[in-house]
Amino acid sequence: MAIQWYPGHMNKARKKIKESMPLIDMVIEVLDARIPYSSENPLIDDLRGDRPCITLLNKSDLADPIVTTAWKQYYERERGVKAIAIVAEKKGEAKALIQKISHLAKTMLGERNLESKPARIMIMGIPNVGKSTLMNGLLGRVLAKVGNEPAVTKIQQSTRLANGILLFDTPGILWPKVEDEDSGYRLAISGAIKSTAMEFEDVALYAANYFLEYYPGLIMARYKLKQLPKDDIGLLEEIGRRRGALRAGGRIDLHYASELLINEFRSGTIGRISLETPELVAAQKAMLSGDES
Ligand SMILES: Nc1nc2c(ncn2[C@@H]2O[C@H](COP(=O)(O)OP(=O)(O)OP(=O)(O)O)[C@@H](O)[C@H]2O)c(=O)[nH]1
Ligand SMILES: [Mg+2]
């Protein structure tokens with residue numbers, strides 16, 4: 001599924017980020033721990049240039065812990081980057097990050113007196129990944145509006161922390177066209193794309209397929225199945241039947257079942273699931289480069 005959802009405010013946000021960038025010392029890039037590769041926005045890399053960056057894998061409470069460990073190793077080994085898994089929503093987790101951020105700022109900015117000229121740090125990432133939640137967590141109070149849908153933050157906002165840090169929260173931005181099919185689906189499943197810009201049933205079929213292959217045990221347990229459905233549509237039908245989503249003539253309401261499956265994934269009700277692993281992504285990249293040659 002190629003995604004084309006790039007509302008006006010995202011374009012404005014990108015321009016504003018570009019404008020502010022010369023004043024920024026460091027970037028915190030927030031990735032979704034369930035899709036670290038697909039939630040990495042090439043626009044952000046472009047905008048930040050060679051500024052130092054802290055990479056966070058947020059919502060790690062929802063991701064498969066084994067896969068998150070594999071991703072951390074991947075970042076360290078392949079990129080020389082230390083990715084930190086966090087749960088921005090959990091009280092205290094963001095606070096614990098402050099020390100790391102201060103330390104990095106002091107190392108990077110050397111002689112600068114941070115009290116008179118604070119380290120300027122911009123929090124960036126795709127929509128709905130938890131940037132504003134992180135900002136509030138670092139602050140220890142609710143300043144930025146958060147919400148369980150993409151495009152909640154519409155304008156850039158900054159605030160000063162006590163430790164010589166000036167934080168900038170930014171609106172989530174996607175790139176104008178997500179061409180990679182698999183990444184498009186994963187972004188849609190994770191909640192980074194507005195519901196009105198996606199086809200729920202199409203996305204749920206992709207999710208169902210993936211869950212059946214990689215997390216059959218969690219699916220059997222959650223939907224109390226004695227037998228694994230033979231395919232994606234079979235799973236949606238089974239969910240619909242079990243939840244009484246029937247239409248006239250006994251037809252199953254697949255749209256209802258689709259929403260249910262996606263929402264239960266997003267809330268973590270099915271269990272801790274990652275939508276991509278370093279191996280899957282490597283295979284996907286190999287396929288794509290094969291397609292081009
Ligand atoms: N389970 C879980 N949910 C989280 C975590 N961090 C944030 N959330 C939830 O994710 C949703 C989005 O959070 P926001 O902080 O508004 O995300 P954002 O990146 O600022 O989103 P935009 O401003 O729309 O780009 C909210 O419902 C948060 O409660 C986390 O670590 N774990
Ligand atoms: Mg926000």
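The values are calculated or read from the model by the stated rules, or taken from the named source; none is laboratory data. Just so it is clear, the model here is predicted, and its values are computed rather than measured. Here the Cβ is made from the backbone with ideal geometry for all residues, glycine too, and neighbour counts use every protein chain on show. With ligands, DNA and RNA removed, areas are computed over all heavy atoms of the protein, side chains included. Shrake-Rupley method; radii C 1.70, N 1.55, O 1.52, S 1.80 Å.
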Can you tell me, using C-alpha contacts under 8 Å and at least 6 residues apart, the relative contact order of the chain as a whole percent? 23
Between region 124-164 and region 56-103, what is the C-alpha centre distance in whole Å? 17
How large, in percent, is the carbon and sulfur part of the accessible surface of region 1-70 at a probe radius of 1.4 Å? 51
Within a Gaussian network of the chain (alpha carbon springs, distance under 10 Å), most fluctuating of LYS145, LYS131, LYS194: LYS145
Could you tell me how many degrees, from 0 to 90 and to the nearest 10, lie between the Cα long axis of helix 278-292 and the main elongation axis, the longest principal axis, of the Cα atoms of the chain? 80
Round to the nearest 10 and give me the degree value, 0 to 90, for the angle of helix 254-266's Cα axis relative to the longest principal axis of the chain. 40
Per residue, how much accessible area does region 190-293 show when a 1.4 Å probe rolls over the protein heavy atoms, in square angstrom? 53
Tell me the label-point distance for the pair LYS154, GLU213, using the 7 Å Cα-to-Cβ offset, in nm and rounded to one decimal. 4.0
Cα-based helix-to-principal-axis angle, 8-20 vs the chain, degrees rounded to 10: 30
In whole angstrom, largest first, the equivalent ellipsoid semi-axes that the Cα gyration tensor gives for region 136-246 are 38, 17, 13
Just to be sure I understand: with springs between alpha-carbon atoms less than 10 Å apart, which residue in LEU143, LEU205, LEU134 has the highest mean-square fluctuation in the Gaussian network model of the chain? LEU143
So which residue, out of ALA248, ALA221, ALA33, gets the largest mean-square fluctuation from a GNM of the chain using Cα contacts under 10 Å as springs? ALA248
Can you tell me, using C-alpha contacts under 8 Å and at least 6 residues apart, the relative contact order of region 193-285 as a whole percent? 29
Counting only helical runs of four or more DSSP H residues, what would the 222 nm mean residue ellipticity of the chain come to if each run contributes -39,500 (n - 2.57) and the total is spread over all its residues? -13500 deg cm²/dmol
